[in-house]
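What follows draws every value from the coordinates through simple rules; no lab data is involved. Please read all numbers here as calculations on a predicted model, not as lab measurements. Positions of Cβ are generated from backbone atoms using ideal geometry, with glycine treated the same way; all protein chains shown enter the neighbour counts.
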Amino acid sequence: MIPNDYLHRDPLQWQNPGEFLPDRWDILSPLFKRPDGENRHPLSFNGFGGGVRQCVGKQFSEIMSRGICALLLHEYEFRVVGDLEKPVMNLSGPCVAKVKVEKVKRRS
């Protein structure tokens, strides 16, 4: 068992260990270092237990989006309207292409 409560309040790793000081995570702040001025141990804060850092509802939303897409494709037929635009290349993100579609209710 890892004693997180002690890790997060270790006076050898943290300045003013009993206080909530958000500046501890600012690299430019003097509180970012240990009391002796050296770098803190990388595991002196173990907020996620070394595990995956993700949203609690991530898996639920992925499952629901698959189900909703399947339901929409079952109920509607999608058709492209007008001309397709060329994809826009963006250096800071994914390639984006705008496509106009219309949905038509499928016959039962």
Neighbours of residue 68 by Cβ distance under 14 Å: Lys/Arg at +1, Asp/Glu at -1, summed charge 0
Could you work out the local net charge near residue 102, counting Lys and Arg as +1, Asp and Glu as -1, over the other residues with Cβ closer than 13 Å to its Cβ? +3
Enumerate the amide H contacts of residue 76 below 5 Å, restricted to partners 5 or more residues apart or on another chain; note that Pro and chain-start residues carry no placed amide H. 106
